[in-house]
Protein chains: 2
Amino acid sequence: MASLSSWVSSERVTIYDVAKAARVSTATASKALNDSGRMAQETRDRIKRVALELGFRPNSLARSLTRKRSFTVGLLTNDTYGRFTLPVMAGISEGLIDHGVSVFLCAVEDNSDLAKTHVEAMLDKQVDGIIATGKRIDKPLPVDLSGLPVPVVYALTAGPSDGVTLLPDDRQGAAEAVRHLIAQGRRRIAHITGPSDFKVVHERALACAEMLSAATRAKDMGTLFGSWSERWSHQAIETLWSASEKPDGIFCGNDQIARGVVDALRERGVSVPRDVSIVGFDNWEIVAKETRPPLTTVDMNLKELGRQAGLALVRLVNGEAVEKGVWKLPCSLIVRSS
Amino acid sequence: MASLSSWVSSERVTIYDVAKAARVSTATASKALNDSGRMAQETRDRIKRVALELGFRPNSLARSLTRKRSFTVGLLTNDTYGRFTLPVMAGISEGLIDHGVSVFLCAVEDNSDLAKTHVEAMLDKQVDGIIATGKRIDKPLPVDLSGLPVPVVYALTAGPSDGVTLLPDDRQGAAEAVRHLIAQGRRRIAHITGPSDFKVVHERALACAEMLSAATRAKDMGTLFGSWSERWSHQAIETLWSASEKPDGIFCGNDQIARGVVDALRERGVSVPRDVSIVGFDNWEIVAKETRPPLTTVDMNLKELGRQAGLALVRLVNGEAVEKGVWKLPCSLIVRSS
DNA sequence: AATTACTGAGAAACCGTTTTCTCATTGCAT
DNA sequence: ATGCAATGAGAAAACGGTTTCTCAGTAATT
């Protein structure tokens, strides 16, 4: 438990205090502490030592005012419930603190006016840039962020084609999943997934189909679109198991479906993974780890995605070149027992 | 879709520009725009009009520097995965934006050094106050926030006894749940809940027992402690249904358990809600709404809790009196079909 | 007519840093 | 000795606002 009790003392130490104590001007003090300007190394060291002794911490506000750089960015999200956004946000926060950058959190639901209010507040507070994040990669936030005086990065939400957008590589993740099933010796592979109006559903289904058509040894038993629910899993298994030829490997659109599939198979006396191998998607630990057997699944590395989004924004703020368009970040296969 | 394209134009308008355009000094301009100082109403109106025409937006940094008030607070969380924190954070963000206050998001996991870094960064940025939030009401954040030069409020995490802490009223929520079961005409009520080392488990179990011992018509069939899993639900139902006298109402420690209970009962041919009524806890919509029948459950109003936390902090910052100790915010019973 | 009270507005200081000049001093080569 | 470049440090002007104080002018009172 870190103690921060040094701040108990009353008034903040300013650079004037440091300068006075070190018997130099504030100009010299500032330069010494920022390793800029020219002065005797001895002077620089002395000033730094004094600053340390006095517990000097520069006032960010004052610094930002002159530097015209606030080391602050805004994070706009329309997700106040889901479980995908939190890791992304955490990744952003963690990735940026290393650069001394703080993050303004703005939760806007789908309220366009609220979003506008937040953006204005952020701009008033002189953010260096903005990150937009959401819950679906095929829906934009309820506010147009183009034409702002600061750069914008989109993470896990739809952005404009000329912007920088970071998304998980659903196709690669799905491909890994199917490859794993094949590597496990599975030959008849089906895909049970969610509603067809989700973009991720298509991406994953497409990659699954491609992978299977390229595979010489394995056969594609088809894709079943439904909903993100265990109920749907039961229906889907009902359908698949009423056919004569049954799959021995199932790739599921998410962990919830996978969980339902495992349960449905158990009810039928089909053993997982002996008779059928299952791979989920999301690595939603509360589901994946609790399933018996624990689910093999695909992790979207959302925290890393957030971190990358933060770093990309910092690069943009610094005027460095950043490739426009959609960046697909790799997913990882988490092998458990299913 | 709100358009913010007005910012496309190059340079920001400062109060100097407004003053010049209105042919007054910056002092007068400032006073006019802040409705402070003394001047002819006509002058005030004219300056405001000019400011509006020019699209003047005061630079928050500059303002904060003199006012010694940044209209910014820090939000510290150790939750980067769970589903409880996000609504709390959203509530905080939404509650504070109305006061012109922005929120710094700091995700610290259980890393004490990282937490300290974040706190220092926030203090450097002159936050007016800090909100600590987490995933469990019985675990504190990995950093000591007492003795800071700014006020602190704790929401959904353990705080010091002399601080301000906001928590859901688990007891009241549990009592509502049991009251509902009794009102439904249930007479033999059991409680199936999670691990006994969670404080919320005890709170809810205690309230449940109290409610039942006070009820003349209903009988307490006991509490079963287990884990937060559907697996445990099946076990618990196995246990309860192996006794001669079976419950006709079950209050579950969370929705996941409730979901498992509904499923386990269905497998036994017991109808919900005809034979047995079920009430869950959390109103975890993805589970509660998907269950067949949809779960009646207790909502902790986490967003409102976040909002209240934000408002409490603002009051502290303003030097207004705020009652120390733990504030329990009411839960709401969400009646669905179970 | 002289004094007093009030009104409206501006000058200047300030918040805490950074940064651009300026300048005295020193060391070195001519 | 003289000129010149390099060095070390400070004065002052930003940054964009707010606030205190001053003061000229007008209105009201004696």
Discussion item. Placing the label point 7 Å from Cα along the Cα-to-Cβ direction, what are the distances from residue A:321 to the equivalent spots in the other copies, shortest first, in nm to one decimal?
Written reply: 6.5
Worksheet entry | Under 17 Å from residue B:116, Cα to Cα: lysines that are on another chain or at least 8 residues apart | B:125
Discussion item. Placing unit charges on C-beta atoms (Lys and Arg positive, Asp and Glu negative, everything else neutral), compute the dipole magnitude of the protein assembly as shown about its Cα centre in debye, rounded to 20.
Written reply: 1100
Response to the item:
Per the helix-only model, chain A has a calculated mean residue ellipticity at 222 nm (DSSP H runs of ≥4, -39500 (n - 2.57) each, divided over all residues, rounded to the nearest 500) of -12500 deg cm²/dmol
Discussion item. Assume the label is 7 Å from Cα along Cα to beta carbon: what separations in nm does residue A:99 have to the matching positions in the other copies?
Written reply: 3.1
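Fewest Cβ neighbours within 10 Å first, please rank B:72, A:26 accordingly.
Numbers: B:72 25, A:26 14.
The fewest-first ordering by Cβ neighbours comes to A:26, B:72.
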Practice prompt. Select from A:149, A:277, A:100 the residue farthest towards the positive end of the dipole of chain A; place +1 on Cβ of Lys and Arg, -1 on Cβ of Asp and Glu, and compute about the Cα centre.
Written response: A:100
Fill in: Residues with amide H under 5 Å from that of residue B:333, placed H, sequence gap 5 or more
B:299
Practice prompt. List every residue whose amide H lies under 5 Å from the amide H of residue B:164, counting only residues 5 or more places away in sequence or on a different chain, with H placed 1.01 Å from N in the peptide plane.
Written response: B:154, B:325
Worksheet item: Is the range A:170-299 rounded, prolate or oblate when judged by the Cα gyration tensor, a ≥ b ≥ c being the square roots of its eigenvalues, rounded requiring a/c under 1.5 and prolate requiring a/b larger than b/c?
Response: rounded
Discussion item. Can you work out the Karplus-derived ³J(HN,Hα) for every residue in the range B:187-203? Use 6.51 cos²θ - 1.76 cosθ + 1.60 with θ = phi - 60°, whole Hz, and x for glycine or proline.
Written reply: 10, 10, 10, 10, 10, 10, 9, x, x, 6, 8, 8, 5, 4, 4, 5, 4
Worksheet entry | Square roots of five times the Cα gyration tensor eigenvalues for the protein assembly as shown, Å | 50, 32, 23
Item to complete: Could you work out how far apart the two model spin labels at residue A:139 and residue A:42 are, taking each label as a point 7 Å from the Cα in the direction of the beta carbon, and quote it in nm?
Response: 6.8
Response to the item:
With Cα springs under 10 Å, the Gaussian network model of chain A assigns the largest mean-square fluctuation among A:324, A:20, A:125 to A:20
Item to complete: Pairs to check: A:139/A:328; A:31/A:68; A:135/A:289. Give those whose C-alpha atoms are more than 21 Å from each other in this structure.
Response: A:135/A:289
Item to complete: Would you mind ranking A:162, B:110 by Cβ crowding within 10 Å, fewest neighbours first?
Response: A:162, B:110
Item to complete: Could you work out how far the C-alpha centroid of the range B:189-233 sits from that of the range A:155-194, in angstrom?
Response: 42
Fill in: Rounded to whole Hz, the Karplus (6.51, -1.76, 1.60) HN-Hα couplings of the range A:315-329, x for glycine and proline
5, 4, 4, 6, x, 6, 6, 9, 5, 6, x, 9, 9, 9, 9
Worksheet item: Ordered by packing density, taken as the mean number of other Cβ atoms within 10 Å over each peptide's residues, highest first, how do A:80-88, B:251-259 rank?
Response: B:251-259, A:80-88
Worksheet entry | 10 Å Cβ neighbours from other chains, averaged over peptide B:93-101 | 4
Item to complete: May I ask which residue of chain B has the beta-carbon nearest to the axis carrying chain B onto chain A, and at what distance in whole Å?
Response: B:105, 2
Worksheet entry | Pseudo-label separations to other copies for residue B:35 - Cα-to-Cβ vector, 7 Å, nm | 4.9
Practice prompt. Apply the Karplus parameterisation 6.51 cos²θ - 1.76 cosθ + 1.60, with θ equal to phi minus 60°, to every residue of the range B:14-27 and state each ³J(HN,Hα) to the nearest whole Hz, in sequence, with x for glycine and proline.
Written response: 9, 5, 5, 4, 4, 4, 4, 4, 8, 6, 9, 7, 5, 4
Item to complete: Starting with the fewest neighbours, write out A:187, A:12 ranked by other beta-carbon atoms found within 10 Å of each beta-carbon.
Response: A:187, A:12
Worksheet item: How many Cβ atoms of partner chains, on average, are near each residue of B:83-91 if near means within 10 Å of its Cβ?
Response: 5
Response to the item:
Toy charge model, Lys and Arg Cβ at +1, Asp and Glu Cβ at -1: the range A:154-211 dipole around Cα centroid in debye, rounded to 20, equals 440
Response to the item:
From the Cα centre of the range A:305-321 to that of the range B:255-287, the distance in Å is 47
Discussion item. List the residues, sorted by chain then number, that are 5 or more residues from residue A:104 or on another chain and whose placed amide H is less than 5 Å from its amide H.
Written reply: A:73, A:74, A:75, B:105
Practice prompt. Take every Cα-Cα pair in the range B:280-338 and report what % of them are more than 13 Å apart.
Written response: 66
Worksheet item: Counting partner chain Cβ atoms within 10 Å of every residue's Cβ in B:140-152, what's the average?
Response: 3
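A short reminder: the numbers here are calculations on the coordinates, not readings from a lab. Not measured: the values here are computed from a predicted model. Note: ideal-geometry Cβ built from the backbone for every residue, glycine included; neighbour counts use all protein chains shown.
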